[in-house]
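Here the structure is laid out as structure tokens; the discussion comes afterwards.
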Amino acid sequence: EIAKQAANLILIDDDLAKMTDAIAMGRKIYINLKKAIQYIISIHIPIVMIVFIPLVLGWIYPNIFSPVHIIFLEIIMGPTCSIIYENEPMESNLMLQKPRPLTNTFFNLKEITISIVQGLVITLGLLFIYQYCVHENCSEGATRTVVFLTLIASNIFLTLANRSFYYSILTTIQYKNNLVLIIIGATILLTSLLLLVPVFSKFFMFETISTAQIGLSILVGFVSVFWIEILKVFRRRSQK
């Protein structure tokens, strides 16, 4: 009884066979929380930069996004980081990792760097799309629409890519998490409504864009995110 009062942790069930399951659950929660925060870091960098850079540099369309666009993006990103990653299953190599020293910080420099680089590459993709539209003499509304669609595509691809920083998307796509399809499907549906329903498109100051521009937005979003898959290949080879 004295030992119980002095202890910081008391095992009420002395079946130590369950300790493995407890450790696995703790590691899963820890890793999924890191995935969610890394996603938040990566996706907020391009949002901030695409608003900041045109304004500071005095580009032709300085106010490419208004508060209503930021609010919509936050509505999309909230469920992604809090629902999708929270319900991700345990990765198969999780119990093969060495125990973390108590002196470790939540994020190491490499993890933070990867998240920042992800955000900066997406930013470069958005700036490329912006300048492409300006070069093609697109109106402000059309430019805003293409840039916004590129950011939405990047967000979707980032959600899929960051489900694991070790396994490829061909592996993670097989994970049993139905919320991924629900959230991504809802994102695509809402974005389609913004582009196709006149009331919404007028409120968001969007204009009709061509199929080629839509395809370019999706392509740039894909390239801006899936370079991480190459990094995963090298990581798997080095750890093997």
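Residues in region 2-28 that are in a loop (DSSP other than H, G, I, E, B) and open to solvent by less than 50 Å² (accessible area, probe 1.4 Å): 7 only. With a requirement of 2 or more residues that are within 21 Å of residue 69 (Cα to Cα), the helices (runs of 4 or more DSSP H) lying completely within region 194-240 that satisfy it span 198-203, 211-226. Annotation note: of 164, 154, 115, the sole residue that is open to solvent by less than 10 Å² (accessible area, probe 1.4 Å), closer than 19 Å to residue 80 by Cβ, touching a Gly at 6+ places or on another chain (Cβ under 6 Å) and among the small types (Gly, Ala, Ser) is 154. Select from region 95-140 the residues that are closer than 21 Å to residue 65 by Cβ and over 26 Å from the mean Cα position of the chain (by Cα) and list them in ascending order. Within region 95-140, 134, 135, 136, 137, 138, 139, 140 qualify.
Here 176, 232 are screened, and the one residue that is in contact (Cβ under 8 Å) with a residue 24 or more places away in the chain and surrounded by 15 or more Cβ atoms within 10 Å (Cβ to Cβ) is 232. Within region 126-135, which residues are open to solvent by 10 Å² or more (accessible area, probe 1.4 Å) and in contact with a helix residue (DSSP H, G or I) (Cβ under 9 Å, 6 or more places away or on another chain)? The answer is 127, 128, 132, 134. Exactly one residue among 31, 50 is modelled with pLDDT under 90, of a type in the set (A, V, I, L, M) and either out of contact with any Ser or Thr (no Cβ under 6 Å at 6 or more places or on another chain) or outside any helix (DSSP H, G or I) (or both), and that residue is 31.
Note on region 106-155: residues that are of a type outside the set (A, V, I, L, M, F, W, C), over 19 Å from residue 194 (Cα atoms) and outside any helix (DSSP H, G or I) total 3. State whether the residues of region 198-216 include one that is hydroxyl-bearing (Ser, Thr, Tyr), open to solvent by 90 Å² or more (accessible area, probe 1.4 Å) and over 18 Å from residue 140 (Cβ atoms). So far as region 198-216 goes, yes, one or more of its residues are hydroxyl-bearing (Ser, Thr, Tyr), open to solvent by 90 Å² or more (accessible area, probe 1.4 Å) and over 18 Å from residue 140 (Cβ atoms).
The values are calculated or read from the model by the stated rules, or taken from the named source; none is laboratory data. Here the structure is a predicted model, which means the values were calculated and not measured. Glycine also receives a Cβ, built like all others from the backbone with ideal geometry; neighbour counts cover every protein chain displayed. Note: areas computed on protein heavy atoms with side chains; ligands, DNA, RNA excluded. Shrake-Rupley method; radii C 1.70, N 1.55, O 1.52, S 1.80 Å.
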